[in-house]
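Okay, here's the structure, questions in a sec.
Bear in mind these aren't lab numbers, they're just calculated from the coordinates by the rules spelled out. Note that the structure is a prediction, hence the values are computed from the model and not measured. In this analysis, Cβ positions are derived from the backbone assuming ideal geometry, glycine residues included, and neighbour counts consider all displayed protein chains.
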Amino acid sequence: MKLARAAHLFALSIVVAACADAERIDVTTVLAHGNCQTSDTGVKEIDYATLAAYRGTRLLDMTESPDADAHPVHLVAIVPGEYPTAGYGLEVSGEPVIEGGELTIAVKVNKPAPDAILAQMITRPCLVVGVADPRVDRVRVVDDGRPIGELRLAPTKP
């Protein structure tokens, strides 16, 4: 009897896990940088050349993979604003949530320690995430419940 119950619970846990994976939205951190080379703030979709520019570099003779059209990835840049010193950063906090095609990503702005000795310079921390789920057509980004921005993703090639 105990073995049958254990087998039933195991099967149920597999079904629940499969359902959870079916609804899971993968958001991959592509770049987390403490001072992006941009004057734009908010949320916007970018390409790979812009990603390189955010890092202060440029692309050299890059070509896309033949699989790129079959499995498109949208690069979403998040720049919450300007800060007076170095030491600020940005990260995804919690699981992204999708509802009706809108993906909500919660982020957290990490602040330097109060007693840290820091360069006095204007910085623009940024986070670039990759979104590959075809159900997502809009992205909304919040920091502690406050909106940073939102955007409608460009349609993917058929």
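Please go through region 69-95 and pick out each residue that is within 19 Å of the chain's Cα centre (by Cα) and under 19 Å from LEU153 (Cβ atoms).
Selection gives HIS71, PRO72, VAL73, HIS74, LEU75, VAL76, ALA77, ILE78, VAL79, VAL92.
Kindly evaluate ARG58 against the criterion of being without any contact (Cβ under 8 Å) to a residue 40 or more places away in the chain and loosely packed, with under 11 Cβ neighbours inside 10 Å. Break it down into steps so the answer makes sense when it comes.
Values: without any contact (Cβ under 8 Å) to a residue 40 or more places away in the chain: yes; loosely packed, with under 11 Cβ neighbours inside 10 Å: yes.
Taking the combined requirement at face value, the residue satisfies it.
Let me ask something else. Look at region 89-144 and say how many of its residues are basic (Lys, Arg) and loosely packed, with under 14 Cβ neighbours inside 10 Å.
Of the residues in that region, 2 qualify.
Please work out if VAL128 is within 16 Å of the chain's Cα centre (by Cα) and either over 14 Å from LYS44 (Cα atoms) or free of Cβ contacts under 8 Å to residues at least 40 places away in the same chain (or both).
Numbers: within 16 Å of the chain's Cα centre (by Cα): yes; either over 14 Å from LYS44 (Cα atoms) or free of Cβ contacts under 8 Å to residues at least 40 places away in the same chain (or both): no.
Judged against the criteria, VAL128 is not a match.
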